[in-house]
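Here is the structure we will look at, set down as structure tokens.
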Amino acid sequence: MHGPASSGWLLVALCAATGAYCLLRMRSRVEEQRRAAGGEALMGFGMAAMAVPAAVFTPPGWIWSGYAALFGAAGLRSLWAVRGGGRGRHHLHHLVGAGAMVYMSLAMAAATGQGQVQGQGPGQGHGHGGPGVPLLTGALLLYFTGYVLLAGVRLVPVGAAAGGPAAAGWGDRPELARACRLSMGLAMLAMLLAM
């Protein structure tokens, strides 16, 4: 969120490219894939916007509350999908991701309310009340570390089993969808570490 400018721009590029690919995936013929891709596109573009280095653009303080409301609504949608059955695990992951975005947005809102966005070390200026890693940040770091490791392991067999050229369109390529999810998980880890 407010780290060095070069790593911030790399994070913006990764998240924006992932969001753009997820928009392409929304053209899939499978309704469930289209729905999941829409949520992932929102997450990718939202993460890209939040990762813009503060040296380039410091958003007004109210924008963080807007992000919290947007991702809160996305989390409620995921909660509704989890309740409805279907692919519950993936919707549960979307729920955790939306919750993490709400958490980071509220932390940034608290930091801008105190005027402490730039020049803070880890664990400072985000409403934590002291040095160190807060419990929720630590829990989210553990979750996304596990998710990234699992997504990486799941990506290997799909790529090896592909064999020849795939007949599926861009929206229906499981290995690209998994690579997209892996990159967003890595980006989420980077954003949480920057807090």
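Every number here is computed from the coordinates shown, using simple stated rules; none is lab data. Quantities reported herein were computed from a predicted structural model and do not represent experimental measurements. We place every Cβ from the backbone using ideal geometry, glycine too, and count neighbours over all the protein chains shown.
Phi angles of segment 19-29 translate, via the Karplus equation with coefficients 6.51, -1.76, 1.60 and θ = phi - 60°, into HN-Hα couplings of x, 5, 5, 5, 4, 5, 5, 5, 8, 4, 7 Hz per residue; Gly and Pro are given as x.
Taken over the Cα atoms of segment 8-96, the convex hull encloses 87 Å³ per residue. Annotation: extensible slack from ALA139 through SER65 equals 24.4 nm (criterion: 0.36 nm per residue apart, minus Cα-Cα distance). If R₀ is 35 angstrom, what is the calculated FRET efficiency for the pair THR58 and VAL156, using the beta carbon separation as r and rounding to 0.05? For R0 = 35 Å, the calculated efficiency reads 0.30.
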